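The values are calculated or read from the model by the stated rules, or taken from the named source; none is laboratory data. These numbers come from a predicted model, not from an experiment. Here the Cβ positions follow ideal geometry from the backbone for every residue, glycine too, while neighbour counts run over all protein chains shown. With ligands, DNA and RNA removed, areas are computed over all heavy atoms of the protein, side chains included. Shrake-Rupley method; radii C 1.70, N 1.55, O 1.52, S 1.80 Å.
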Amino acid sequence: MFRSLVVAVLLQLTMNPSLLVYGQYPCPFIDTVNITGSYPHEVQISAGNTNGGSATNHSYIYKWMVVPPDLVAIYDFVVINGQRVPSAKHLRACVCKIKPCLRFCCQSGYYYSLQNNSCIALPSAYATNNDTNIPDPEAMPVLFRNGSVLSVNSTSQFLVNIGAPCDTMRVVLKDNRQVDWLLHENGSIMHNQHSFSRHYCYTPLSWRRDKDKDEDNPMWHWEPLTCVAAKLPFVLGVREWTYAICLIITVICMIIVLFIYLLCTELRNTFYGVAIKTYCLCIIIGYSLLAHLTLTNPSDMSKYACSKIPLFALLYLILSFYILTFISLNFYLSFFGIILSKLMFWFMFFPTVVIAACWSFFVSFTYYNNKPVFGNDICWFDPRNYSIVVYFYSPIIVACIFSGIFYILSLLRMSDMAERDTGKLTIFVSRNRFRSFWIFVGYTLFAWLVCICSFAINYYRGDFTHINYGVCVFIAFHGFGAMYALLGKNHQVQHFLRRMDDEVDNDDIAEISVPMTTYS
């Protein structure tokens, strides 16, 4: 029986490639039920030819509902507490797409214990009689689209699922009071702008009137419990210290680069020099804030600091990438003979600061998965969701795309330049500066690509942190790359350092050559 059902589903998937979307499963696992052993519902449909041919529509019957084949898939796993667990192959159907699902934590006569995280039988005094204190599962208040709230029969209005969607269910509290949720006709619960469409379940909970001292006579009411993931424990181990030390190493390297560019007279007041100094300053501040967040327990930080420190870290790190874009644009224009001054840099930089600041403040007040992006379990992006990709990596990728475009255009312009111009000193200096800058950009992009890949790998692996030793090494590589490319490969900087060294040597020689005078 099961083999024939599997063959039928495989044939349907072959004829409908669109079912392979969303990782070959037509809906999230929580919206499915196991229909292995359900009766197939075979209906002869016309094939649309003149010979009167027909084809079979392999549907299934579940609780007197016809489940079409495009909502059926073969699963070799189950999801327990948010994690995939391998299991024998079986058929599952997306029944919640046919009829709204309502979820109860426990079967009738039981309630969910928040202390034990399990279902416990109701007191026998309530389970054996029709006490009015026990809420009736057949009379659930539901908010309809027209704004009316009616008590409906849950089994007729919804497809009832029994079971907690995760191991740890919690009551949502606001100001130490339970939230008044509204059950909507689509099966979701909502309070203000916060809603749960899947990861919740209703259970009877008891409460006592303020003046009622009789503990044997509690009042019961329906309360939705929601899945609350365990908080990320703060661990200050070897990995965290290594990550913080690598950040500090990069900060030290950037301070050295900043100091040299402040002294170099040839670059100090140019567009390129001012941009590099501003870039170094942004990295110094941004990485210092990240090191502080890594070494500080979020529970020891105030709510204000926990939300505002990552705000400024986000601001400075995003600004650093757009400064690289400005330098890329400057190089492209320089090959046309257009020289931008340091004043032009500030004209470009300040509007970008305003936009980046608005973006950072927007993120700090934004909710992701019904939780604040900053200031929740940790004082940085939560590695258990995609918020870091949406709000942090996406603006960086946009900046890298613009930089790449200007890089390609600059290469094309350089290849079109006449051979007679290659001997000019200004062209040589510009090309040398161009190469040293893009060597550094390559190191920077490679380091951040490792960070992005590390997050993706650990996210799908189920590890609750994207900070690993690979990221630590390449963060330090970012700082060493800045010293190698911006100082070691830049001829102007090297010429300045050699000149400083010669001046020091000349001063030493002059001091030695001063004739000694004997005083008596």
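Restricting the search to the range 64-102, which residues are open to solvent by 30 Å² or more (accessible area, probe 1.4 Å) and in contact with a Pro (Cβ under 6 Å, 6 or more places away or on another chain)? Listed by number, the list is empty, since nothing qualifies.
Residues of the range 229-238 include none that is surrounded by 14 or more Cβ atoms within 10 Å (Cβ to Cβ) and in a helix (DSSP H, G or I). For the range 463-513, taking the residues that are at pLDDT below 80 and among the small types (Gly, Ala, Ser), the one that is least open to solvent (accessible area, probe 1.4 Å) is identified as Gly470. Just give me the residues in the range 88-116 being assigned to a strand (DSSP E or B) and either touching a Gly at 6+ places or on another chain (Cβ under 6 Å) or over 21 Å from Gly37 (Cβ atoms) (or both), in sequence order. Within the range 88-116, Cys101, Leu102, Arg103, Phe104, Tyr110, Tyr111, Tyr112, Ser113 qualify.
Listed here are the residues, each with its yes/no results for (1) of a type in the set (Ser, Thr, Tyr); (2) under 18 Å from Val373 (Cα atoms); (3) free of Cβ contacts under 8 Å to residues at least 24 places away in the same chain.
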position: Lys277; (1), (2), (3): no, no, yes
position: Ile285; (1), (2), (3): no, no, no
position: Leu293; (1), (2), (3): no, yes, no
position: Ala305; (1), (2), (3): no, yes, no
position: Ile309; (1), (2), (3): no, yes, no
position: Ala313; (1), (2), (3): no, yes, no
position: Tyr316; (1), (2), (3): yes, yes, no
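Residues of the range 329-367 that are among the aromatic types (Phe, Trp, Tyr), open to solvent by 40 Å² or more (accessible area, probe 1.4 Å) and at pLDDT below 90: Tyr332, Phe336, Phe365, Tyr367.
In the range 439-462, is there at least one residue being in a helix (DSSP H, G or I), among the β-branched types (Val, Ile, Thr), within 13 Å of Thr250 (Cα to Cα) and at pLDDT 80 or above? Yes, the range 439-462 has at least one match.
Anything in the range 139-163 that is at pLDDT below 85 and either surrounded by 15 or more Cβ atoms within 10 Å (Cβ to Cβ) or under 17 Å from Lys99 (Cα atoms) (or both)? List them, or say none. Scanning the range 139-163 gives Met140, Arg145, Val152, Asn153, Ser154, Thr155, Ser156, Gln157. When the range 296-312 is filtered for residues that are modelled with pLDDT under 90, within 14 Å of Ile378 (Cβ to Cβ) and open to solvent by 20 Å² or more (accessible area, probe 1.4 Å), the ones remaining, listed by number, are Thr296, Asn297, Pro298, Ser299, Asp300, Met301, Lys303, Ala305. Being more than 28 Å from Asp382 (Cα to Cα), modelled with pLDDT under 85 and surrounded by fewer than 19 Cβ atoms within 10 Å (Cβ to Cβ) is the requirement here; does Val429 meet it? Considered against the rule, which asks whether it is more than 28 Å from Asp382 (Cα to Cα), modelled with pLDDT under 85 and surrounded by fewer than 19 Cβ atoms within 10 Å (Cβ to Cβ), Val429 comes out as yes.
If you go through the range 395-406 one residue at a time, do you hit one that is more than 20 Å from Ser328 (Cα to Cα) and either open to solvent by 40 Å² or more (accessible area, probe 1.4 Å) or modelled with pLDDT of 85 or more (or both)? No: zero hits.
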